[in-house]
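Please read the structure below before turning to the comments.
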Amino acid sequence: MNEIKLINSGIKDVQFGENIKVVNPVNLYGCKIGDNCFIGPFVEIQSNVIIGNNCKIQSHSFICELVEIGDHCFISHGAMFINDKFQKGGPACGDKNYWYSTKIGNNVSIGTNATILPVQICSNVIIGAGAVVTKNIETSGVYAGNPAVKIKEFPKMEVNHED
């Protein structure tokens, strides 16, 4: 019988802020998570990721290396962040020279099963469920589709964040 190497998921080398809630099982390593955050089950957050304060990362989300998420953000179930554009005709196979960063502003909500390629998203944005964000988003609003496009203005609402 062939032997397998079993690697357990867990939490390793994570810098946590205050008042953090994590629901196991998770795979968190080498990342920084701000104050008052919630991390749901079956979430993976890789090295060199920064999560701001007052964020909620829902179940089954994947946040790869080189992602920075601002404050007051919501990442819904199954959202996926990508850092490899397959510029070599396929996966970079760990060659970080072909990885790119993603920066998410403050007060951004990313819908269920959205895919975020290496982009920059400004503050006050809603990304719809199933959207595929392939280009930078430079103006606030609601974005949806594949590729994601602006479909309406950001809702006017009173936001009372206690920082």
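The values are calculated or read from the model by the stated rules, or taken from the named source; none is laboratory data. In this text the structure is predicted, and so the values were computed from the model without any measurement. All Cβ positions, even for glycine, are placed from backbone atoms using ideal geometry, and neighbour counts span all protein chains on display.
A few comments on the model shown:
- Residue within the range 131-140 that is out of contact with any strand residue (DSSP E or B) (no Cβ under 9 Å at 6 or more places or on another chain), exposed (fewer than 14 other Cβ atoms within 10 Å of the Cβ), assigned to a helix (DSSP H, G or I) and basic (Lys, Arg) present: no
- Taking (1) out of contact with any Asp or Glu (no Cβ under 8 Å at 6 or more places or on another chain); (2) touching a residue at least 24 places away in the same chain (Cβ under 8 Å); (3) within 22 Å of Tyr143 (Cβ to Cβ); (4) part of a loop (DSSP other than H, G, I, E, B) in turn, Glu65 satisfies each apart from (3).
- For the residues Ser59, Ser101, the requirement of being surrounded by fewer than 18 Cβ atoms within 10 Å (Cβ to Cβ), in contact with a Pro (Cβ under 7 Å, 6 or more places away or on another chain) and either closer than 20 Å to Ser9 by Cα or modelled with pLDDT under 95 (or both) singles out Ser59.
- His77 being in a loop (DSSP other than H, G, I, E, B) and surrounded by fewer than 18 Cβ atoms within 10 Å (Cβ to Cβ): yes
- Taking each residue of the range 70-84 that is modelled with pLDDT of 95 or more and looking for partners that are among the acidic types (Asp, Glu) and surrounded by fewer than 20 Cβ atoms within 10 Å (Cβ to Cβ) with beta-carbon atoms closer than 6 Å, six or more apart or interchain, yields Asn83/Glu65.
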